[in-house]
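The values are calculated or read from the model by the stated rules, or taken from the named source; none is laboratory data. In this text the structure is predicted, and so the values were computed from the model without any measurement. FYI the Cβ positions are ideal-geometry reconstructions off the backbone, even for glycines, and counts take in every protein chain you see.
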Amino acid sequence: MKRSLSNRKLAIGIPLTFPYVPSTFFDSFNIMEKPDYEYIRESNGPVDEMRNNIVRRAKRVGATHLLMMDVDQIYHPKTFVTLASHNLPVVGSLIYRRYPPFDPLIYSGTMNEYLLIEDFKQGDLVEVAATGTGCLLLDMKVFDILPDPWFKFTPNPDPERTGIVGEDFMFCWNLQKAGIKIYVDTAIPAGHISMFEVNEHTYKFYKKVAKVRKEALAEYLKSQQSAEAD
């Protein structure tokens, strides 16, 4: 599924999920190195349908590759050139969840049990089972292999589990079933915009605070048990 770099036609697709575009996203998008590209934005409807419309429009303009981006991200200037250099069907940037526990959105396993990958070395290219779609470079051929609609909120296929599977993880699950590998380049992070930027440092700080709280609670419970014994 690999293509020559010289034969690529890039589309950049952005679903406008915010009622506004943060200036930090706008600035990082502007300074990011990228070749000529078709700009595709969607601004109406559920995010899964917006992503599907982006893919359909990318097909119509003859794009060979689609860079899916989100407006709640801050992108590294080398995002596209680094991801493109891997020449892979599906490769993304490292993104951390924008709310606690701020964990990295890279998982192994299957839909029945996704497991957080934490033991990666910063800078590694990591094969994953699932990741987010906030910064994902896709060879358009994957959309010929998978059926339309590619992105869809879906009830959990595991009968023992409840809830809805997000459009990003369902897409990754379908890629996995089709034998298409997914990679994340941990050298190219994309900051997640919340009330503040969520990145590796946020995640590590949260883990440290959570550990201190857990130890303090354990010490408190121990002291209570001792007091009751007396």
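Within segment 59-132, considering only strands (runs of 3 or more DSSP E) that don't extend past its boundaries, which have at least 1 residues that are under 26 Å from THR17 (Cβ atoms) and over 16 Å from the mean Cα position of the chain (by Cα)?
Because the criterion is at least 1 residues that are under 26 Å from THR17 (Cβ atoms) and over 16 Å from the mean Cα position of the chain (by Cα), the strands (runs of 3 or more DSSP E) in segment 59-132 that meet it are 65-69.
For segment 108-140, how many residues meet the condition of being hydroxyl-bearing (Ser, Thr, Tyr) and surrounded by fewer than 17 Cβ atoms within 10 Å (Cβ to Cβ)?
Matching residues across segment 108-140 total 2.
Filter segment 1-15 for residues that are out of contact with any Lys or Arg (no Cβ under 6 Å at 6 or more places or on another chain) and part of a loop (DSSP other than H, G, I, E, B); which is modelled with the lowest pLDDT?
Filtering segment 1-15 for residues that are out of contact with any Lys or Arg (no Cβ under 6 Å at 6 or more places or on another chain) and part of a loop (DSSP other than H, G, I, E, B), the one modelled with the lowest pLDDT comes out as SER4.
Which of the residues spanning segment 4-58 are among the acidic types (Asp, Glu) and over 18 Å from the mean Cα position of the chain (by Cα)?
ASP27, GLU33, ASP36, GLU38, GLU42
Consider ASP36 carefully, then state whether it is more than 21 Å from LEU146 (Cβ to Cβ), in contact with a strand residue (DSSP E or B) (Cβ under 8 Å, 6 or more places away or on another chain), at pLDDT below 95 and of a type in the set (Asp, Glu).
No.
Any idea which of (1) modelled with pLDDT of 95 or more; (2) charged (D, E, K, R); (3) farther than 30 Å from ASN53 by Cβ is the one ASP119 doesn't satisfy?
Exception for ASP119: condition (1).
Can you name every residue in segment 47-57 that is out of contact with any helix residue (DSSP H, G or I) (no Cβ under 8 Å at 6 or more places or on another chain) and touching a residue at least 40 places away in the same chain (Cβ under 8 Å)?
GLU49, ASN52, ILE54, ARG56, ARG57
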